[in-house]
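The values are calculated or read from the model by the stated rules, or taken from the named source; none is laboratory data. Predicted, not measured: the structure shown is a model, and the values here were computed from it. Methodologically, a virtual Cβ is constructed for each residue, glycine included, from the backbone with ideal geometry; neighbour enumeration extends over all protein chains shown. Accessible surface is based on the protein model in full, side chains and every heavy atom, while ligands, DNA and RNA are left aside. Shrake-Rupley method; radii C 1.70, N 1.55, O 1.52, S 1.80 Å.
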Number of protein chains: 2
Amino acid sequence: MPASLRSNIERTIQQKITDSDLEKFSAFTFERTFDKKHHLLEEGQLCNYIYFIQEGAAYSYIVDQKGDKHAIQFSLEGYWISDLFSFYSGKEAIYNIETLEPVKVLMLNKENFEKACCSIPMIDRFFRILIQNAYVALQYRLAKTNSEDAEHRYEEFAKKYPDFVQRIPQYLIASYLGIKPQSLSRIRKERTNKK
Amino acid sequence: MPASLRSNIERTIQQKITDSDLEKFSAFTFERTFDKKHHLLEEGQLCNYIYFIQEGAAYSYIVDQKGDKHAIQFSLEGYWISDLFSFYSGKEAIYNIETLEPVKVLMLNKENFEKACCSIPMIDRFFRILIQNAYVALQYRLAKTNSEDAEHRYEEFAKKYPDFVQRIPQYLIASYLGIKPQSLSRIRKERTNKK
DNA sequence: AAAACAGGTTAACATAGGTTAATAAATAAA
DNA sequence: TTTATTTATTAACCTATGTTAACCTGTTTT
């Protein structure tokens, strides 16, 4: 029962979770470690797990026709990551998930996910709120992508996720923002010139 | 108990819903009609409802600093629309929702939403799957926004939502795609030249 | 019917960001 | 430490999309 999981749950549902519920839930998960650059999921596979990052960093991405990667989501310790399309639908994944650093993760498979949601109302509630929040955040991100230029998007990103800027390669942040690494480099240069 | 609601629910949960459950749920909703160009929600208000469109069309949008509108979501009959950020959090809306045609809607307020989810497991399940699907679709849309040019995004949009192309003003489709109306007009011209 | 308005098109020009390619800096491997 | 490999920077040039502004069509309003 890692403290980071408890605080993730309590922050999400905005109330305390009992030790008993947390223990019950933990029993459905198992812990594993992976090296840096390990693929937790590759396009075309079935995504059987959702991952909670206890230590390290990972990200999901899609590869376009040209072969370019586009980062979808970054996850440091205390965040969840998965390909929910594949996980929920049972269809082949269109995204990849790869570690950026050695990670220690908690893994929850589909069967246990269902069991946990059915047997622990707090956990059911937790996952519902988790995805509600994710949806709302994603909608906002898309709205910003469609309404602001790359410079503003980077400013907002750097302000919102200062730790990501430290630990995630710049070319991946660029792709997350929908621009090329050279452009982000240019933006950062102009930015430091201003200040 | 409108047939369009039943089929929306059954398509989403991929199974039949009993008349009894549907009736119970319907009792939590009420029906209203609004004129064309009516604001169902304005930025700064609290979003107290989620709307199911029975007839007509509506859309949500955000206004940027320059005063430009950016369409977030379109809803024709058989679709839901709301500002889930405001609805879930109880905070002030950052989006607007406006009708594009006269509409007949079913409205479900927050209190009844909670009651329906607690008392009708099928409905709880329905809303969970609805938002899961919405999240997955949104993630895909963002991935495409970041990886494809405007022409491809429009092609995909027109193929996926041919009825939207018919009924929704082109300048709103442009803003949904993250471009200016003039650019969409240019894209459509080149497109017809090709064929 | 005239006027006003909303939506769409076109064209000339401007610009943010992409492309290519070379180099440098940082990190990992030998 | 030396050599690879990965990541970041820079610059010259290119292109898709934005900007401005004029015009057109169809639809409300008066």
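Assorted remarks:
- Per-residue [θ]222 nm for the protein assembly as shown (sum of -39500 (n - 2.57) over DSSP H runs n ≥ 4, rounded to 500): -16000 deg cm²/dmol
- Pairwise Cα distances in the stretch B:3-119 exceed 24 Å in 27 percent of cases.
- Summed side-chain charge close to A:Ser7 - residues other than A:Ser7 whose Cβ falls under 15 Å, Lys, Arg +1, Asp, Glu -1: -2
- Peptide B:140-150 is shielded by partner chain Cβ atoms: per residue, an average of 6 of them sit within 10 Å of its Cβ.
- Cβ-Cβ FRET estimate between A:Lys36 and A:Arg188, R0 fixed at 35 Å, reported to 0.05: 0.90
- Cα-projected label distance for B:Ala137 with A:Asp149, points at 7 Å along beta-carbon direction, nm: 3.3
- Shielding of B:127-133 by partner chains, average beta-carbon count, 10 Å: 4
- DSSP-assigned coil residues among chymotrypsin sites (Phe, Trp or Tyr not before Pro) in the stretch B:14-102, each with at most 15 further Cβ atoms within 10 Å: B:Tyr79
- For the stretch B:108-195, average projected area of the Cα convex hull in nm²: 7.5
- Of the cross-linked pairs A:Lys66/A:Lys115; A:Lys159/B:Lys91; B:Lys37/B:Lys110; A:Lys37/B:Lys159, those separated by over 29 Å at the C-alpha level are A:Lys66/A:Lys115; A:Lys37/B:Lys159.
- With each label modelled as a point 7 angstrom along the Cα→C-beta vector, the B:Lys24-B:Ser119 pair spans 0.8 nm.
- Loop-located chymotrypsin sites (Phe, Trp or Tyr not before Pro) in the stretch B:96-171 whose Cβ has at most 14 other Cβ within 10 Å (DSSP): none
- Within the protein assembly as shown: Cβ-based charge dipole about Cα centre, in debye rounded to nearest 20 (Lys, Arg +1; Asp, Glu -1): 1040
- The C-alpha atoms of chain B define a longest principal axis, and helix B:150-160 lies at about 40 degrees to it.
- Averaging over all projection directions, the Cα-based convex hull of the stretch A:1-58 occupies 4.9 nm² in the image plane.
- Taken over the protein assembly as shown, the ratio of Cα radius of gyration to 2.2 N^0.38 Å equals 1.02.
- Charge context of A:Arg186, other residues only, Cβ under 10 angstrom, K/R +1, D/E -1: +2
- Nitroxide proxy distance, nm - points 7 Å out along Cα→Cβ at A:Gln15 and B:Tyr161: 3.7
- Scaled radius of gyration (Cα, divided by 2.2 N^0.38 Å) that chain B gives: 1.09
- Interface burial in the stretch A:27-72, defined as at least 10 Å² less accessible area with all protein chains than with the chain alone at a 1.4 Å probe, covers A:Ile62, A:Asp64, A:Gln65, A:His70, A:Ile72.
- In the B-A interface, the accessible area buried, summed over both sides, Å² (probe 1.4 Å): 3100
- Using θ = phi - 60° and Karplus 6.51 cos²θ - 1.76 cosθ + 1.60, couplings along the stretch A:144-149 (whole Hz; Gly, Pro as x): 5, 4, 7, 10, 10, 7
- Using a cutoff of 8 angstrom between alpha carbon atoms and counting only pairs six or more residues apart, the relative contact order for chain B works out to 23 percent.
- By accessible area, using a 1.4 Å probe on protein heavy atoms only, the stretch A:55-195 has 52% of its surface on carbon and sulfur.
- Heavy-atom accessible surface of chain B, averaged per residue, reaches 50 Å², computed with a 1.4 Å probe.
- Across the stretch B:3-119, Cα pairs under 8 Å and at least six residues apart give a relative contact order of 36 percent.
- Positive-end extreme of charge dipole, the stretch B:3-119 - chosen from B:Gln73, B:Tyr95, B:Gly44 (charges on Cβ): B:Gln73
- Using a 7 Å Cα-to-Cβ projection, B:Arg186 label spacings across copies, nm, ascending: 1.7
- Once C-alpha pairs closer than 8 Å and six or more residues apart are averaged by separation and normalised to the residue number of the stretch B:117-195, the relative contact order reads 17 percent.
- The charge dipole of chain B, taken about its Cα centre with unit charges on the Cβ of Lys, Arg, Asp and Glu (plus for the first two, minus for the last two), comes to roughly 720 debye.
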